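To start, the structure under review is shown below, and the notes come after it.
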Amino acid sequence: MSGNQDDLNNALKNYRSDYEALKTKFTEVDSIHLASMDRNITMTEQQINRMMSSKIALRSTFPKGAPSPKFSDYENYAGGNTSLEDLRGKYVYFDIWATWCGPCKVEIPSLKKIEKQFEGKNIQFVSISVDEGRGYKGDAAAAYQGWKKMIAEKELGGIQLMADNGFRSDFIQAYKIQGIPRFILVDPEGNIVDADAPRPSNPELIELLNSLDI
């Protein structure tokens, strides 16, 4: 069992212990409410376990130092097409997102701050949209225009790319991306640093980037 799995098991054990200790302080709570709380706690534990187990599995499937899956000729909002090979020579922090994704848009302000903090450093920030019709009544053309409109309206920085086939794009499927946002960090040689990197709003991202020669 990996250290990460041990950490997860210990965290869940402590979570349950803290809850049980808290219950003893509220003896006036009736049994119906306690039963409801127990169910909620169990559901939360299960959700955390699924999320963390998925993260651990991803890092096992895509270990640090392994070659990153590639993509070719994704449309670049700034003009022309961009491939992963074009980005070699610098670290690349990928943001996989879509215009209809609420949690993706929540990360935009934090991503802008990170981009500004590391401006001029040995890292590129690349956002890849998987827009293909969802949120636009299945209209791919409208999704494409929505992508361009949001980049302009929100003044998104970095390199803005459009995946060639939404969630069915080879790069997206190779990384087993089923939910977004998803963040990936690749080194200057095109090798994986973290296939499930911290979000811009997570302080761990700054710690990770500062630990590298950027």
Quiz item: Looking at 144, 136, which one is in a loop (DSSP other than H, G, I, E, B) and either crowded, with 16+ Cβ neighbours inside 10 Å or of a type in the set (Phe, Trp, Tyr) (or both)?
Solution: 136
Practice problem: Considering each residue of segment 56-77, count those that are in contact with a Phe, Trp or Tyr (Cβ under 8 Å, 6 or more places away or on another chain) and loosely packed, with under 15 Cβ neighbours inside 10 Å, and give that number. | Solution: 1
Quiz item: Scanning for something touching a helix residue (DSSP H, G or I) at 6+ places or on another chain (Cβ under 8 Å), outside the structural domain of residue 194 (by TED's automatic domain parsing), under 22 Å from residue 209 (Cβ atoms) and at pLDDT 95 or above, does segment 67-77 turn up at least one residue?
Solution: yes
Exercise. Could you list, in sequence order, all residues of segment 104-133 that are touching a Lys or Arg at 6+ places or on another chain (Cβ under 6 Å) and surrounded by fewer than 15 Cβ atoms within 10 Å (Cβ to Cβ)?
Key: 122
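Please tell me if residue 164 is crowded, with 17+ Cβ neighbours inside 10 Å and either charged (D, E, K, R) or not assigned by TED's automatic domain parsing to the domain that holds residue 89 (or both). First the steps, then the outcome.
Working: crowded, with 17+ Cβ neighbours inside 10 Å: yes; either charged (D, E, K, R) or not assigned by TED's automatic domain parsing to the domain that holds residue 89 (or both): yes.
The answer is yes for residue 164.
Rundown of residues vs (1) touching a residue at least 24 places away in the same chain (Cβ under 8 Å); (2) part of a strand (DSSP E or B); (3) at negative phi, yes/no style:
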{"site": "111", "(1), (2), (3)": "yes, no, yes"}
{"site": "126", "(1), (2), (3)": "yes, yes, yes"}
{"site": "157", "(1), (2), (3)": "yes, no, yes"}
{"site": "205", "(1), (2), (3)": "yes, no, yes"}
{"site": "208", "(1), (2), (3)": "no, no, yes"}
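Report yes if some residue within segment 91-103 is of a type in the set (A, V, I, L, M), more than 20 Å from the chain's Cα centre (by Cα) and surrounded by 14 or more Cβ atoms within 10 Å (Cβ to Cβ); otherwise report no.
Filtering segment 91-103 down to residues of a type in the set (A, V, I, L, M) leaves 92, 96, 98.
Filter once more, keeping what is more than 20 Å from the chain's Cα centre (by Cα): none.
Checked against the condition, which is being of a type in the set (A, V, I, L, M), more than 20 Å from the chain's Cα centre (by Cα) and surrounded by 14 or more Cβ atoms within 10 Å (Cβ to Cβ), segment 91-103 yields no hits at all.
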Self-check item: Odd one out for residue 201, checked against (1) part of a loop (DSSP other than H, G, I, E, B); (2) buried (at least 17 other Cβ atoms within 10 Å of the Cβ)
Solution: (2)
Quiz item: Are any of the residues in segment 78-86 buried (at least 17 other Cβ atoms within 10 Å of the Cβ) and more than 30 Å from residue 213 (Cβ to Cβ)?
Solution: no
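The values are calculated or read from the model by the stated rules, or taken from the named source; none is laboratory data. Bear in mind that the values here come from a model prediction, so they are computed numbers and not experimental data. When we count neighbours, we look across all protein chains shown, and the Cβ atoms used for this are built from the backbone with ideal geometry, even at glycine.
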